[in-house]
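Notes follow once the structure below has been shown.
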Ligand code: GLY
Ligand code: MN
Ligand code: MN
C-alpha cells in the first residue's frame with residue numbers, strides 16, 4: 001500500500017478530523033544538542049521520511065491531508081542544510097496542502113471549522129502538550145489509557161498490525177543487516193575480549209548499512225538480566241554470550257533478534273542441554289503459527305515444551321501441563337513468548353492492551369503477566385517468538401516462590417546453576433526470531449541468522 005492509500009484508508013474510517021505530530025529531535029543536555037531525530041511511528045506510517053517538527057491534519061469530511069512543516073529560514077539552511085521547499089514536499093508526499101507549523105493553531109481554526117479534533121500523544125512532550133491544548137483531550141504518552149481516543153487508536157492499529165508487502169520488504173532488509181551484526185559478534189567472541197568491543201561491532205554493522213539500533217543493544221554474558229545494556233564484562237571460556245540486537249532502517253522498520261553462543265566454541269554440558277531445549281521450544285512455537293491461532297496458546301504450548309525439558313533436566317518435578325498451569329516453569333522462563341514487530345520493536349505497545357489483548361485481559365500470574373499480546377493471529381502480522389531459560393538469583397531465592405513451588409521446582413539443583421562459572425552463574429539463554437504469519441502458516445524473516453547449536457559453536461571466536 002502506498003502512503004497515499006494508507007492515508008485514504010485512515011480517513012475513510014475516521015469520524016472526526018485527526019491531527020498527528022511527528023515530534024521533534026529530543027535534547028540530550030542543552031537544547032541544541034539533540035539525539036538523532038526519529039519520528040513517531042504513526043507519523044512514519046503515513047509519511048515517508050518526515051521531518052522533525054511536522055504535523056498533519058487528516059480531514060475525513062473532504063478526504064484532504066494538510067501537512068504542516070517548519071518555516072524555512074536562512075539560519076536552518078546554514079546549520080542543517082537546504083530544506084525541501086513546501087512545493088516539493090507537497091508533490092513528494094502527495095498531500096493537498098502544505099502550511100507552516102508555526103501557525104498550526106490558527107490554520108486549524110480555519111480548517112477545522114469548529115469541529116472537535118482528535119490527536120495522539122507522542123514521545124516529544126512539547127508536541128504532546130500542543131496536541132492537548134488543540135484538542136482539549138487529556139493526552140499522555142506513557143499512559144496507554146491517555147495516548148488517544150480508543151476509536152482512533154483502533155483504526156490506526158487495524159492498519160498497522162497487518163504488514164503490507166512493502167513493509168515486509170523493509171523488514172527483510174533490516175534482517176540482512178541484523179544477520180551481519182550477529183555473525184560479526186559471534187566471530188569476535190574469544191576469551192579476553194570485552195563485551196563493549198562486541199557491542200561496537202554490532203552497532204558498527206548497523207551504521208555501515210545506514211541503520212541505527214532499533215533498541216538499546218542487549219549484549220552480555222549475564223544473559224539472565226533480560227534487558228542488560230551494560231557491556232563491561234570480559235569474556236571468559238565457559239561464558240555464554242547473549243546478544244539481543246536489531247537494526248532499524250531509514251524507513252523506520254526494524255528487526256529484533258536474539259542469539260547465544262559459547263565463548264571458546266563449545267557449550268558446557270549444562271549449556272548444551274539448556275540451549276537445545278530453548279531452541280526446541282522456539283521451533284515448536286514457530287511451527288504453531290498460522291492465521292486464527294491464539295498467540296497465548298502458542299506461548300503456553302512452548303512453555304509446556306520448556307517445562308517437560310526442565311523435568312528431564314531435574315529442575316522441575318511433575319507433569320508439564322500441571323507445571324505450566326501452576327506457573328512453576330516461570331521460575332526459569334519468566335517472560336512472554338513475544339510481541340508484535342514493525343515500526344516499533346514492540347509494535348504499537350504504546351496503545352496498550354486494548355490492541356494487544358482485544359476483548360481479553362491479562363493474567364496476574366507471574367510470567368504470564370509479562371505476555372505482551374494475546375490476539376488471534378492473522379496473515380500479515382509480524383511478531384517475535386523468543387523463549388528463554390534463565391537462572392536469576394532474585395527469582396530462585398525468592399522466599400514466596402520457594403514456598404509456592406516447593407514440590408515442583410528443584411531449588412537445590414537450580415542453586416548448582418547459580419554456582420557455575422566461579423559463582424557468576426549460568427546466566428541465561430534466549431533465542432528470538434521475527435515471524436511473519438502467512439496464509440499457509442509462517443515465514444521466519446530472520447531465519448538466515450545461524451542458530452543450530454553446531455553452527456553457533458563453529459562461528460564463536462572464529463573471527
Ligand atoms: N529486544 C527486546 C525484546 O526482545 O523484547
Ligand atoms: Mn523481542
Ligand atoms: Mn529482542
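Of note, residue 56 satisfies the criterion of being surrounded by 14 or more Cβ atoms within 10 Å (Cβ to Cβ) and closer than 18 Å to residue 3 by Cα.
For region 267-369, the helices (runs of 4 or more DSSP H) that sit wholly inside it and include 3 or more residues that are within 16 Å of ligand 2 (Cβ to nearest atom) and either within 21 Å of residue 382 (Cα to Cα) or within 21 Å of the chain's Cα centre (by Cα) (or both) are 269-287, 295-312.
The residues on offer are 270, 248, 282, 276, and the sole one that is over 30 Å from residue 317 (Cα atoms) and either within 16 Å of ligand 1 (Cβ to nearest atom) or in contact with a helix residue (DSSP H, G or I) (Cβ under 9 Å, 6 or more places away or on another chain) (or both) is 248. All conditions but one from (1) out of contact with any strand residue (DSSP E or B) (no Cβ under 6 Å at 6 or more places or on another chain); (2) farther than 23 Å from residue 441 by Cα; (3) within 16 Å of ligand 2 (Cβ to nearest atom) apply to residue 236; the one that does not is (3). Quick check, is residue 321 away from ligand 1 (no atom under 16 Å from the Cβ), surrounded by fewer than 17 Cβ atoms within 10 Å (Cβ to Cβ), free of Cβ contacts under 8 Å to residues at least 60 places away in the same chain and closer than 25 Å to residue 411 by Cα? Taking the combined requirement at face value, the residue satisfies it. It is to be established whether one or more residues within region 187-202 are crowded, with 19+ Cβ neighbours inside 10 Å and either on the phi > 0 side of the Ramachandran plot or under 18 Å from the mean Cα position of the chain (by Cα) (or both). Looking through region 187-202, at least one residue is crowded, with 19+ Cβ neighbours inside 10 Å and either on the phi > 0 side of the Ramachandran plot or under 18 Å from the mean Cα position of the chain (by Cα) (or both). Tell me, please, whether a residue that is touching a residue at least 40 places away in the same chain (Cβ under 8 Å) and within 16 Å of ligand 1 (Cβ to nearest atom) can be found in region 401-412. Within region 401-412, none of the residues are touching a residue at least 40 places away in the same chain (Cβ under 8 Å) and within 16 Å of ligand 1 (Cβ to nearest atom). For region 135-167, the tally of residues that are more than 18 Å from residue 12 (Cα to Cα), touching a strand residue (DSSP E or B) at 6+ places or on another chain (Cβ under 6 Å) and part of a helix (DSSP H, G or I) stands at 1.
Tell me which residues, restricted to region 422-447, are in contact with a strand residue (DSSP E or B) (Cβ under 9 Å, 6 or more places away or on another chain) and not in a loop (DSSP other than H, G, I, E, B).
Kept after step one, since they are in contact with a strand residue (DSSP E or B) (Cβ under 9 Å, 6 or more places away or on another chain), are these residues of region 422-447: 426-437, 442-447.
Result: 428, 429, 430, 432, 433, 434, 435, 436, 437, 442, 443, 444.
Across region 195-233, the number of residues qualifying as touching a strand residue (DSSP E or B) at 6+ places or on another chain (Cβ under 8 Å), closer than 20 Å to residue 421 by Cβ and assigned to a helix (DSSP H, G or I) comes to 2.
Among the candidates 128, 110, single out the residue that is out of contact with any helix residue (DSSP H, G or I) (no Cβ under 6 Å at 6 or more places or on another chain) and buried (at least 21 other Cβ atoms within 10 Å of the Cβ).
Only one candidate passes the filter, namely 128.
Screening region 384-404 for residues that are surrounded by 13 or more Cβ atoms within 10 Å (Cβ to Cβ) and assigned to a helix (DSSP H, G or I) and picking the one that is nearest to the chain's Cα centre (by Cα) gives 395.
In the condition set (1) under 30 Å from residue 18 (Cα atoms); (2) within 16 Å of ligand 3 (Cβ to nearest atom); (3) not in a loop (DSSP other than H, G, I, E, B), residue 244 is compliant with all but (1). Do we have residue 380 as without any contact (Cβ under 8 Å) to a residue 12 or more places away in the chain and either surrounded by fewer than 18 Cβ atoms within 10 Å (Cβ to Cβ) or outside any loop (DSSP other than H, G, I, E, B) (or both) here? The answer is no for residue 380.
Read the figures in this text as sums done on the coordinates, not as results from a lab. Bear in mind that the values here come from a model prediction, so they are computed numbers and not experimental data. Cβ atoms come from the backbone with ideal geometry, glycine included; neighbour counts cover every protein chain shown.
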